[in-house]
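Trainee: Before we start, here is the structure in question, set down as structure tokens.
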Amino acid sequence: MLKCKETMTGVKNVIPPEDMEAINRYSKTPLTPEEVFTFDLLLCDNEIDRDFERFSADAISGLCEMFLGRTGIFDHTWSAHGQKARIYKTQVIEDPSKITSYGEPYIYLKASAYMLRNAENEALIDDIRSGIKKEVSIGCSVKEITCNICGEPDGSPSCSHIRGAEYDGVICCRVLNEPTDAYEWSFVAVPAQRDAGVMKRFSGAADDDAIKRLEKEADLGRMYLGKLRDDTAKSAVLVLPELNEDILRSVLSKLDEKELMSLGETLKKRADKLYPPVCQLKYQREQARDKDENYYKI
Ligand SMILES: [Zn+2]
């Protein structure tokens with residue numbers, strides 16, 4: 001299971017000596033504060049994301065270790081060229097002023113990264129400073145995913161809880177536990193990647209062909225899901241014309257493929273019953289009318 005989160009970054013200006021020491025642990029030749037640019041990243045937190053998934057506090061602690069020394073890439077160019085920043089410090093931070101949507105103290109994984117101040121990186125540094133590049137995706141794998149309602153592993157036959165649904169006032173989500181590895185992190189352009197989620201499908205192997213293939217598959221998957229949502233929305237409007245279409249589409253956007261297919265099928269059956277196919281020839285119309293009383297309701 002791969003997990004990505006999109007988060008915000010903050011920019012730092014002064015580099016304390018202990019930070020320089022940490023940076024120089026990763027540098028081949030000792031660097032001076034003038035030679036580096038540093039900035040802070042929020043890598044992940046324990047809030048429920050738009051896929052109705054969240055990291056456990058233990059998972060965030062685990063990732064804290066794993067992201068040390070990881071390089072960051074920009075705009076999804078997974079080449080050596082794209083790797084221009086490195087995380088040199090990570091901390092789990094509890095924000096006492098914030099509570100998660102499920103009532104626990106809000107914690108997040110903060111990372112500090114550095115990059116070289118050189119001509120090649122100049123434009124990028126400007127972008128980070130001005131806040132243009134401020135979304136970060138992380139890739140990691142976790143060993144265990146559980147249902148927050150019953151605690152069973154995700155996909156277990158004994159768990160029938162649907163993510164996003166409410167059970168006794170609790171929103172169902174999947175909890176990501178036991179991280180096993182952290183991969184690269186990346187800045188993604190805003191707002192093009194806002195709805196991406198592509199990174200979830202990446203493996204840690206920096207194999208360009210595999211990544212291109214996975215990106216293509218992800219594109220196809222999104223197209224397919226979009227069509228499935230559209231078809232389901234059409235059937236729902238046919239069956240329940242009084243439904244508000246905006247609300248309907250918002251609800252559908254939260255369903256996964258399996259849920260959409262099941263709902264779509266039920267709605268289609270209902271729609272077919274309400275609106276049977278109209279026959280082309282006159283005598284067939286007469287027969288159809290005799291057979292199906294719903295014919296008159298059209
Ligand atoms: Zn469950």
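The values are calculated or read from the model by the stated rules, or taken from the named source; none is laboratory data. Worth saying up front: this structure is predicted, and the values here are computed from it rather than measured. Note: ideal-geometry Cβ built from the backbone for every residue, glycine included; neighbour counts use all protein chains shown.
Trainee: What's the number of the condition residue 128 fails, among (1) aliphatic (A, V, I, L, M); (2) part of a strand (DSSP E or B); (3) at pLDDT below 90?
Mentor: (2)
Trainee: Restricting attention to the stretch 103-139, and to residues there that are among the charged types (D, E, K, R) and farther than 28 Å from residue 48 by Cβ, which single residue is nearest to the ligand (Cβ to nearest atom)?
Mentor: 127
Trainee: Out of all the residues in the stretch 257-287, which are modelled with pLDDT under 50 and in contact with a helix residue (DSSP H, G or I) (Cβ under 6 Å, 6 or more places away or on another chain)?
Mentor: Passing the criteria: only 279.
Trainee: Would you please name the residue that is farthest from the ligand (Cβ to nearest atom), looking only at residues in the stretch 140-174 that are out of contact with any Leu (no Cβ under 6 Å at 6 or more places or on another chain) and small (Gly, Ala, Ser)?
Mentor: 169
Trainee: Touching a Phe, Trp or Tyr at 6+ places or on another chain (Cβ under 7 Å) and within 16 Å of the ligand (Cβ to nearest atom) - does that describe any residue in the stretch 178-187?
Mentor: Scanning the stretch 178-187 turns up no residue that is touching a Phe, Trp or Tyr at 6+ places or on another chain (Cβ under 7 Å) and within 16 Å of the ligand (Cβ to nearest atom).
Trainee: Take the conditions modelled with pLDDT under 90 and among the aliphatic types (A, V, I, L, M) and apply them to residue 1. Does it pass?
Mentor: Considered against the rule, which asks whether it is modelled with pLDDT under 90 and among the aliphatic types (A, V, I, L, M), residue 1 comes out as yes.
Trainee: Follow-up question, since we're still on this one. Out of the residues in the stretch 42-69 meeting the condition of being aliphatic (A, V, I, L, M) and more than 12 Å from the chain's Cα centre (by Cα), tell me which one is surrounded by the fewest Cβ atoms within 10 Å (Cβ to Cβ).
Mentor: 57
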